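The next block holds one structure in the form of structure tokens; read it before the comments.
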Amino acid sequence: MYLPGLAQYTLYHMVSLTNKRIVVGVTGSIAAYKSAETVRRLRDAGAEVRVAMTRAATEFITPLTMQALSGHPVHLNLLDAQTESAMGHIELARWADAVLVAPASADFIARIAHGLADDLLSTLCLAARSPLAVAPAMNWQMWDNPATQSNVARLRERGARIFGPGSGSQACGETGPGRMLDPQDLVALLAGMFETGELAGLNVLVTAGPTWESIDPVRVITNRSSGKMGYAVAAAAMEAGARVVLVSGPTALAAPEQVECIRVMTAQEMFDAVMARVDTAQVFIGTAAVADYRPAQAATTKIKKTSATLQLDLVRNPDILASVAARTPAPFTVGFAAETVDVERNAAAKLRAKRVDLIAANLVGQAGSGFEADENRLVLIDASGTTELPLLSKLRAARELIHHIAVRYHAKNPAENPRLAHRQ
Ligand code: CTP
């Protein structure tokens with residue numbers, strides 16, 4: 001589908017906010033009424049939103065409105081036992097993938113430019129390691145004042161993004177720069193901050209989830225894969241600008257928007273779906289926990305418990321990853337290795353045996369990492385060495401993995417994007 005102009009731009013950017021955690025900071029400005037719409041649009045774009053408000057902001061819009069729209073209690077002050085015990089401000093700062101202060105008053109900009117931490121929102125801005133975006137809203141003369149301009153320049157120097165302000169008629173009746181940008185523009189700009197463009201123009205094929213191998217009409221052989229890692233990899237590849245096809249075994253997850261999702265049940269179906277698409281893929285990432293074996297013959301009717309023991313004859317399933325890597329030409333091929341012991345040694349052996357470009361290994365069978373968990377600790381192994389990632393949310397781990405893949409893909413195919421080949 002071709003969407004001309006801004007519609008396409010907006011849609012494209014909206015997509016990449018899927019699963020993003022955004023803290024919206026609201027400060028005292030008449031434009032605070034637009035914050036309600038900003039929160040709605042961020043959520044429509046797939047983001048998870050928490051709101052922090054200054055005391056002045058609550059004079060313009062009620063915390064209850066923002067709570068209803070964000071779906072979470074609003075963070076108001078440092079000494080509020082209830083919100084602080086649910087998620088303290090430091091925890092909130094860590095939780096955020098980005099902080100968007102919209103509207104940002106002249107006073108608030110001045111305070112964070114000077115590193116003040118005299119209320120919850122300014123403390124959060126100081127504590128956050130994630131990107132900060134600020135959408136100024138004020139009278140045009142306040143915006144033009146050298147004091148404000150130098151505060152804004154100071155924030156920019158430190159890496160903050162300044163969204164706007166727009167120009168036009170102001171609440172005070174005057175005309176000039178200082179209007180907060182409209183919510184849909186803020187959402188598009190925010191989404192743009194997450195895009196790396198590292199895989200722009202490439203087709204990425206991802207497998208995810210478990211497979212189900214039928215024993216009889218009601219029973220299957222499967223495993224504990226939730227699909228979370230594979231879906232995160234698909235979302236991260238989207239963010240990096242790729243066109244993504246996700247071949248997924250049975251999971252309870254919704255596919256990231258704009259990712260083409262092909263649902264399959266068995267390893268053979270997954271193999272067929274992959275083979276039908278692999279010729280147009282430049283990158284293949286096999287995160288699926290494919291069942292290595294399937295019953296030689298699935299019973300056509302439900303097996304009854306007539307004997308004390310039951311034997312099933314199993315036959316090998318095709319190895320999707322190895323089959324993709326064996327093609328000529330093969331895409332840049334990435335495998336996952338779920339190991340319970342000797343992670344690096346086993347993964348390195350898999351790298352060689354399956355002749356893949358990169359293996360992402362993880363330790364499974366431990367609480368808090370691997371199957372079903374929301375976090376993962378990956379070790380990335382390729383011919384040039386080993387990179388250990390810390391324990392990260394699966395989306396963050398996926399982003400690191402995608403960056404790693406992009407660097408190596410472009411090093412291997414320098415003609416396609418000489419600019420990115422030099423990135424390390
Ligand atoms: N894989 C695949 N097709 C299979 C089995 C595995 O594509 N039939 C892929 C997985 O998606 C993963 C990688 O191979 O990317 C490693 O899978 P894993 O189960 O860890 O290892 P195996 O190769 O199956 O070896 P083993 O079970 O002996 O550890």
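The values are calculated or read from the model by the stated rules, or taken from the named source; none is laboratory data. Owing to the predicted nature of the structure, the values given are computational and were not obtained by experimental measurement. Cβ coordinates were reconstructed from backbone atoms using ideal geometry, including for glycine residues, and neighbour counts include every protein chain displayed. For accessibility, only protein heavy atoms count, side chains too; no ligands or nucleic acids. Shrake-Rupley method; radii C 1.70, N 1.55, O 1.52, S 1.80 Å.
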Taking R0 as 35 Å and r as the Cβ-Cβ distance between Asp182 and Leu126, the FRET efficiency 1/(1 + (r/R0)^6), rounded to the nearest 0.05, comes to 0.80
Here, trypsin sites (Lys or Arg not before Pro) of region 247-322 satisfying both criteria (DSSP loop; at most 14 other Cβ within 10 Å) are Lys302, Lys304, Lys305
Rounded to 0.05, the calculated FRET efficiency for the beta carbons of Leu314 and Asp80 at R₀ = 60 Å is 0.55
Cα-based Rg/(2.2 N^0.38 Å) for the chain, rounded to two decimals, is 1.14
The chain: relative contact order from alpha carbon pairs under 8 Å, six or more residues apart, as a whole percent, is 11
Relative contact order as a percentage, region 133-258, C-alpha pairs under 8 Å and 6+ apart, gives 22
Of all DSSP beta bridges having both residues in the chain, the percent classed as antiparallel (nearest 5) is 35
In units of 2.2 N^0.38 Å, the Cα radius of gyration of region 146-272 is 1.67
Per the 1/(1 + (r/R0)^6) rule, R0 = 41 Å and r from the Cβ atoms of Arg355 and Ile303, FRET efficiency to 0.05 is 0.55
Expressed as a percent, the accessible surface of region 84-202 that is carbon or sulfur, using a 1.4 Å probe and the full set of protein chains, is 51
Any trypsin sites (Lys or Arg not before Pro) in region 124-206 that lie in a DSSP loop and have at most 11 other Cβ atoms within 10 Å would be Arg129, Arg158
The chain, Gaussian network, Cα under 10 Å: of Val220, Val233, Val274, the residue fluctuating most is Val220
The relative contact order of region 203-416, taking Cα pairs under 8 Å that sit 6 or more residues apart, comes to a percentage of 20
With Rg from the Cα atoms and Rh as the Kirkwood inverse mean 1/r over Cα pairs, region 288-340 has an Rg/Rh of 1.17
Residue-normalised value, i.e. accessible area per residue, for region 203-416 at 1.4 Å probe, in Å², stands at 49
In Å, the C-alpha Rg and Dmax of region 82-191 are 14.4, 44
Between the alpha carbon centres of region 316-340 and region 143-159 the gap in Å comes to 52
Evaluated at 37 °C and 0.692 mPa s, the Stokes-Einstein D of region 6-193 based on the Kirkwood radius over Cα pairs, in µm²/s, stands at 202
With all protein chains in place and a 1.4 Å probe, Ser248 shows an accessible area in Å² (nearest 10) of 0
Kirkwood-based Rg/Rh on the Cα set of region 11-86 evaluates to 0.99
Computed over region 203-416, the Cα gyration tensor eigenvalues, each multiplied by 5 and square-rooted, give semi-axes in Å (largest first) of 30, 19, 17
